[in-house]
Amino acid sequence: MTDKVTLSKEEWKKKLSLEQFRILREKGTERAFTGEYWNHFETGKYKCSGCGEVLFTSKDKFTSDCGWPSFSAPADDIIEEKQDLSYGMIRTEVLCKKCGGHLGHVFNDGPRDKGGLRYCINSLSLKFEKKSDL
Ligand code: FE
């Protein structure tokens, strides 16, 4: 990872769409089954829509019935985890290490043969880049 990206709230507002800002910078969640990538299985890389760092690849994406793009592992050491006690639940929030953008949460109900984790990510936090091979 190269240097961290730190922008002011106003700078992020200019850079992101309103919906991206609500999710990445204000920890919002897109409605299930509405995002661009929950049912998207092309070969390629998923970059952070805030800073462009590669976060996940299609190799670790799996079909999940939750309505959000789901991955069994990040592409690299690029994900920060934080305990999230909001809404009366105990969850683990995942953020982009480079820009601090909120991505989603990680759960323990992922595919057993791939390590058992499910990174449940908002499509709006991601930008897909098609690659013929990874
Ligand atoms: Fe980022």
Notebook entry, point to check: Quick one: what pairs do we get from the range 89-113, first residue more than 16 Å from W38 (Cα to Cα) and among the hydrophobic types (A, V, I, L, M, F, W, C), second in a loop (DSSP other than H, G, I, E, B) and within 8 Å of the ligand (Cβ to nearest atom), C-beta under 6 Å, 6+ apart or different chains?
Noted result: C99/V5; C99/G50; C99/C51
Item checked: Among (1) more than 16 Å from L24 (Cα to Cα); (2) free of Cβ contacts under 8 Å to residues at least 60 places away in the same chain; (3) away from the ligand (no atom under 16 Å from the Cβ) - the single one K59 does not satisfy -> (2)
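Tell me the residue from E80, E36 that is acidic (D, E) and more than 12 Å from the chain's Cα centre (by Cα), please.
Unique residue meeting the criteria: E36.
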Check: Which ones in the range 89-111 are over 24 Å from W12 (Cα atoms) and either assigned to a helix (DSSP H, G or I) or touching a Ser or Thr at 6+ places or on another chain (Cβ under 7 Å) (or both)?
Finding: V106, G110, P111
Notebook entry, point to check: Right, T34: closer than 24 Å to L16 by Cα and either open to solvent by 20 Å² or more (accessible area, probe 1.4 Å) or more than 16 Å from the ligand (Cβ to nearest atom) (or both) or not?
Noted result: yes
Notebook entry, point to check: Which condition does K45 not pass, out of (1) within 16 Å of the ligand (Cβ to nearest atom); (2) more than 13 Å from S125 (Cβ to Cβ); (3) not in a strand (DSSP E or B), if it passes all the others?
Noted result: (3)
Checklist line | Close pairs (7 angstrom Cβ cut-off, 6 or more residues apart or separate chains): farther than 14 Å from G100 by Cβ in the range 13-31, outside any loop (DSSP other than H, G, I, E, B) and among the basic types (K, R) anywhere | finding: G28/R22
Notebook entry, point to check: Across the range 51-88, what is the number of residues that are open to solvent by 20 Å² or more (accessible area, probe 1.4 Å) and in a loop (DSSP other than H, G, I, E, B)?
Noted result: 15
Next item on the list: Please find, within the range 112-134, the residue that is farthest from the ligand (Cβ to nearest atom) out of those that are open to solvent by less than 20 Å² (accessible area, probe 1.4 Å) and part of a loop (DSSP other than H, G, I, E, B).
Entry: G116
Notebook entry, point to check: Within the range 82-95, can one find any residue that is in contact with a Pro (Cβ under 9 Å, 6 or more places away or on another chain) and either among the basic types (K, R) or within 19 Å of E30 (Cβ to Cβ) (or both)?
Noted result: yes
Checklist line | Residues that are in a loop (DSSP other than H, G, I, E, B) and within 15 Å of the ligand (Cβ to nearest atom), drawn from the range 7-16 | finding: L7, L16
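The values are calculated or read from the model by the stated rules, or taken from the named source; none is laboratory data. Just so we're clear, the structure is a prediction, and the values are computed from it rather than from any experiment. Positions of Cβ are backbone-derived with ideal geometry, glycine not excepted, and every protein chain shown enters the neighbour counts. All accessible areas refer to the heavy atoms of the entire protein, side chains included, with ligands and DNA or RNA removed. Shrake-Rupley method; radii C 1.70, N 1.55, O 1.52, S 1.80 Å.
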